[in-house]
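The values are calculated or read from the model by the stated rules, or taken from the named source; none is laboratory data. Keep in mind that what you see is a predicted model, and the values were worked out from it rather than measured. Cβ placement follows ideal geometry from the backbone for every residue including glycine, while neighbour counts extend to all protein chains displayed.
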Amino acid sequence: MNMKVKKIAIIGGGTAGWLAANHLAVELRAETDISITVIESPEIGIIGVGEGTVPHIRKSLMKFGIAEAELLATCDTTFKAGIKFVDWRAPTATSDTNFYYHPFASPYPSGVDVTALYLNSPATRSFSMVTGVPALAEAMRAPKLVSSPAYEGPVNYAYHFNAVKFGQLLANNAKSRLGVLTKDGAALHFDFYVDCSGFNSLILGKIFKVPFVDKSAQILTDTALAVQIPTEAAAELPPFTLAKAHAAGWLWDIPLTNRRGVGFVFSSAHMSGSSAVEGLSSYLGIDADKLAPRKIPMRIGYREQFWCKNAVSLGLAQGFVEPLEATSIFVTDFAAELFARNFSVDKDNMSVAANYCNKVMAYTWERVMDFVQLHYCISDRRDSAFWQQNTLETKRSDVLTERLAMWKFNPPKKSDFFSRFELFDVDNYLFVLYGMRYQTRAKNMTAYEQQYFEREIEKVKATGKKLSSELLQHREWLNEFLAAYRQTNRT
Ligand SMILES: Cc1cc2nc3c(=O)[nH]c(=O)nc-3n(C[C@H](O)[C@H](O)[C@H](O)COP(=O)(O)OP(=O)(O)OC[C@H]3O[C@@H](n4cnc5c(N)ncnc54)[C@H](O)[C@@H]3O)c2cc1C
């Protein structure tokens, strides 16, 4: 009996399948007698949503050897410097709209923890003082200079892109540069299977019947309505995802170079489908009968085992939490890399790696669920049954409950996050907690500390001002880039 894995099949050619193919092919480069085959179904398409990312994707693309210029030129790509959250808090006496940013930036200017200064400041001061990114985003600036090297820029960033075109880019790279094969669903035998079959979860779900850990008691949103709206070539291009809360969920607005992807996410227990279409229609200012949105049911939770016998699952086949904070491609990318790095071609080593990866992934998923739930559960909105249930009744994990209790008397610090497998950590929590004006008891500061912290904030302002004079408008940057790219690559 052959004790070595020689033939690996990846079932499914969506974003998850092709991310897995690239990670595996790169990590197994030294194994000359192993083949990786992606099995695509000609009849069943890919889900085709998933347009927002987080900065981690840059590392993976570099690792796969994909040029950033190609991503920018072929996938209607735009930059994302963070997320703008609108209306996640109750209106105040002075304003009926409110917003905050979760930028991809450090909340520690020059590495200094100035949270005590924020907690001692008057309510008019916002936590966004710790970084210049929100102001640059409001001014529609690109995060890169024209001269910035590939995958780098003075402002940290991720991308928005066309999910179908992004899948094709990953597929072309895996096939042409990394030797990955494709088949169209023929019944073949393989030594190992990577289940990337989307919500169908063909192997882990249907064949191995791995139980699904249902998280719908924590995250109430379960349906999305998605539409694509063409935009004018000269339209202003926000360098951020907009996440606007409504009475029973939120909606995303993702700008690509040629269109917006807009999605209305809601809890079907709190809002009817027709009210959701009306909500989407009123946001877009387009008649409901002209919209024809695509309705996507979402099952929130994850498979109890990530790796079972001779198969792992990735992407939607493994689990999903609604799209707030663009966690899905991030978790998939992380899990694909985790699997590829721990995979051994010796079948004898498989159960050790499987146990380890299963522990990591269960922990990772639990903390991702916490982070998404945080956005809802600390809100002061009580204007609908949805918000009342989220803030007063929904179940929370023990970890989130403990952390929120602790952060009432001490702000979050790096050491509160003691696992390397928390994909969202103190940086992300600080922006969301204090963007939502979570109440932490003010800490004492000495006069020296206060002066020191204020000087750091002045430096943030000065850097932001300098950058705003150097960075082009997002649209202008992309237009200049695309013109130069087409000139260079003219056939
Ligand atoms: C409403 C919504 C919004 C989202 N927004 C974001 C976002 O902004 N950012 C983000 O990171 N993620 C987002 N996601 C998640 C994102 O769409 C997925 O992570 C990503 O598309 C990966 O999907 P996948 O490859 O697992 O599945 P799919 O794209 O569904 O691919 C499944 C593959 O399996 C194949 N297949 C299925 N059944 C069979 C079968 N019986 N036989 C053979 N082949 C089969 C299909 O042909 C297809 O190739 C969103 C998801 C939803 C639902």
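The single residue among A137, A142, A174 that is assigned by TED's automatic domain parsing to the domain that holds A326, aliphatic (A, V, I, L, M) and touching a strand residue (DSSP E or B) at 6+ places or on another chain (Cβ under 8 Å) turns out to be A174.
Yes or no, residue by residue, for (1) within 14 Å of the ligand (Cβ to nearest atom); (2) at pLDDT 95 or above; (3) more than 17 Å from F199 (Cβ to Cβ):
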site	(1), (2), (3)
V5	no, no, yes
A21	yes, yes, yes
I44	yes, no, no
C75	yes, yes, yes
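Among the residues of the range 436-457, those identified as crowded, with 16+ Cβ neighbours inside 10 Å, out of contact with any strand residue (DSSP E or B) (no Cβ under 9 Å at 6 or more places or on another chain) and under 29 Å from R381 (Cβ atoms) are Y438, T440. Annotation note: Cβ proximity below 9 Å between a residue of the range 2-29 that is more than 11 Å from A336 (Cα to Cα) and in contact (Cβ under 8 Å) with a residue 60 or more places away in the chain and a residue that is within 13 Å of the ligand (Cβ to nearest atom) and basic (K, R) (sequence gap 6+ or interchain) occurs for A9/K183. For the range 430-437, does any single residue satisfy the condition of being of a type in the set (D, E, K, R) and free of Cβ contacts under 8 Å to residues at least 24 places away in the same chain? Taking every residue of the range 430-437 in turn, none turns out to be of a type in the set (D, E, K, R) and free of Cβ contacts under 8 Å to residues at least 24 places away in the same chain. Scanning the range 141-161 turns up no residue that is modelled with pLDDT of 95 or more, under 23 Å from the mean Cα position of the chain (by Cα) and part of a helix (DSSP H, G or I).
For the range 233-252, residues that are assigned to a strand (DSSP E or B) and within 15 Å of E51 (Cα to Cα) total 5. Within the range 338-360, the set of residues being assigned to a helix (DSSP H, G or I) and of a type in the set (D, E) comprises D348 only. For the range 55-73, the condition holds for no residue, the condition being that it is surrounded by fewer than 24 Cβ atoms within 10 Å (Cβ to Cβ), charged (D, E, K, R) and on the phi > 0 side of the Ramachandran plot.
Is it the case that W88 is assigned by TED's automatic domain parsing to the domain that holds W250, surrounded by 22 or more Cβ atoms within 10 Å (Cβ to Cβ) and not polar (S, T, N, Q)?
Answer is yes for this residue.
Filtering L220, L225 for residues that are within 16 Å of the ligand (Cβ to nearest atom), assigned to a loop (DSSP other than H, G, I, E, B) and within 30 Å of D287 (Cβ to Cβ) leaves a single hit, L220.
In this structure, is K408 farther than 14 Å from S216 by Cα and modelled with pLDDT under 95? Write out each step before concluding.
On the way: farther than 14 Å from S216 by Cα: yes; modelled with pLDDT under 95: no.
Spelling it out, it is not the case that K408 is farther than 14 Å from S216 by Cα and modelled with pLDDT under 95.
Under the condition of being of a type in the set (G, A, S) and over 27 Å from H160 (Cβ atoms), the residues counted in the range 1-40 number 3. Just one of the numbered conditions (1) within 11 Å of the ligand (Cβ to nearest atom); (2) within 30 Å of K7 (Cβ to Cβ); (3) not aromatic (F, W, Y) is not true of P297: (2). The residues listed here are F453, F424, F371, F431; of these, the one that is assigned to a loop (DSSP other than H, G, I, E, B) and either under 24 Å from the mean Cα position of the chain (by Cα) or on the phi < 0 side of the Ramachandran plot (or both) is F424.
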